[in-house]
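Taken together, the values in this text are just the output of simple stated rules run on the coordinates, not laboratory data. Keep in mind the model is a prediction, meaning the values are calculated, not measured. Glycine gets a Cβ as well: all are built from the backbone with ideal geometry, and neighbour counts include every protein chain shown.
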Amino acid sequence: MNQRVTQIQERIRQAAVLCGRNPDSIQLVAVTKTVPPATIRQAMDAGLRIFGESYLQEAAAKINAIADTRLSWHFIGHLQSNKAKFAVRCFDLIHSVDSTSLAEALNRQAGRIHKIQNVLVQVNISGESTKSGTSIKEAAALVYAIHEMENLSVKGLMTIPPFFDQPEKARPYFKALADLKEGIQKQSLPGNEMTELSMGMTGDFEVAIEEGATLVRIGTAIFGERALSCYCISVADPVPFIP
Ligand SMILES: *Cc1c(COP(=O)(O)O)cnc(C)c1O
């Protein structure tokens, strides 16, 4: 584990240096869906502090099992509005806000617990019908709508490009997300930084860093191939992992 983590950190550093970026401007989100708590603890021992989960019930069970306040948990999966109450209790950053109704639900629930919930807007750059995310056309309007919500703070954008064998093919999607963020920033959101770009996974994170990623979400390169069913503790309704 230590070796894998060190290798990934080194690859992130190298990719940053090669394109003239400060390596500290890139945060590694270790994606722990299907990964059991014991393995997550090993990753903590190797120095990782930010963990990304895709399924709410699985995440809640593991967050409770590990119960370590040094950790930052991020939600990177598809979120339904009726789960907003749990999401605001569990996560420092929600990467996957893709509709006004979800944002409103999160805003309401964050208000109830007196929290400012940090979020990213997920954009479906490729337009694939199987992918969640708002369209490129609607992204700016969603960012502005969230900006008006008292208990949410929108920090940037997130995307998942189509899967390619060659990482270079994902570049246009990363570039499109970076351009979109820049366009939104230009129209200036007072008091809002919109600094984050969540993009890049095991197969393509170096290209994402070259295009400006500030959060890379990496699972397989750290934890190995995922099993086909999710890891669950006392979960009434286990969700199978769909690759
Ligand atoms: C699973 C997942 C990842 C990690 O993918 P790897 O290829 O295992 O690094 C990143 N982002 C999201 C949204 C995911 O669901």
Any number yet on Rg/Rh for segment 26-88, C-alpha, Kirkwood? 0.95
Of 26, 106, 14, which is farthest on the positive side of the dipole of the chain, counting Cα position, with +1 on Lys and Arg Cβ, -1 on Asp and Glu Cβ, and the Cα centre as origin? 106
Packing-based exposure ordering (other Cβ within 10 Å, fewest first) of 182, 211: 182, 211
List the residues, sorted by chain then number, that are 5 or more residues from residue 156 or on another chain and whose placed amide H is less than 5 Å from its amide H. 121, 196
Give the cross-link partners of residue 115 among the aspartates and glutamates, using a straight C-alpha distance below 12 Å as the criterion and excluding same-chain residues fewer than 8 apart. 92, 150
Pairs to check: 131/155; 62/137; 62/175. Give those whose C-alpha atoms are more than 32 Å from each other in this structure. 62/137; 62/175
